[in-house]
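Following: one structure in structure tokens, then a few remarks.
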Amino acid sequence: MRKKPGQEPMVEVLVDVQQDALDRAQAEMEAAGVPVMARKVDVANAAQMEALAKDVLDDVILHFLLHLFDHLLRARGVGSALLFQLAVVWQRLQSFGATI
């Protein structure tokens, strides 16, 4: 896990074609407290790679943006209520099929 002092841990993305190896790696990282997105993907399969890219954009990028907004808002002395409202708006946009 890559983390600088004072920063939130990043979500690690694990990809493997073998489910058993993926499950072991995911369990090990989660036991260490690392947020993980694990996907069984055959990199030779374009549809699976596109699905992985969508998952990364939808989940990992959202996680990053929420932490970025939280950091910016706290630096300006704004409470977390605004962050919560941003998350609600994001979820509503996703329900209509919006992407980044």
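Since every read-out is calculated from the coordinates, none of them should be taken as a lab result. What you are looking at is a predicted structure, and each value in this text was computed from that prediction instead of being measured. Every residue, glycine among them, receives a Cβ derived from its backbone with ideal geometry; neighbour counts consider all protein chains shown.
Could you give every pair whose Cβ atoms fall below 8 Å, whose first residue belongs to the range 56-71 and is free of Cβ contacts under 8 Å to residues at least 24 places away in the same chain and farther than 17 Å from residue 12 by Cβ, and whose second residue is hydroxyl-bearing (Ser, Thr, Tyr) and part of a helix (DSSP H, G or I), counting only separations of at least 6 or pairs across chains?
Matching pairs, first to second residue: 70/80.
Quick one: residue 49 ticks every box in (1) in contact with a strand residue (DSSP E or B) (Cβ under 6 Å, 6 or more places away or on another chain); (2) surrounded by fewer than 16 Cβ atoms within 10 Å (Cβ to Cβ) bar one, so which box is it?
Single failed check for residue 49: (1).
Go through the range 27-44 and count every residue that is of a type in the set (D, E, K, R) and not in a strand (DSSP E or B).
Summing the residues that are of a type in the set (D, E, K, R) and not in a strand (DSSP E or B) in the range 27-44 gives 3.
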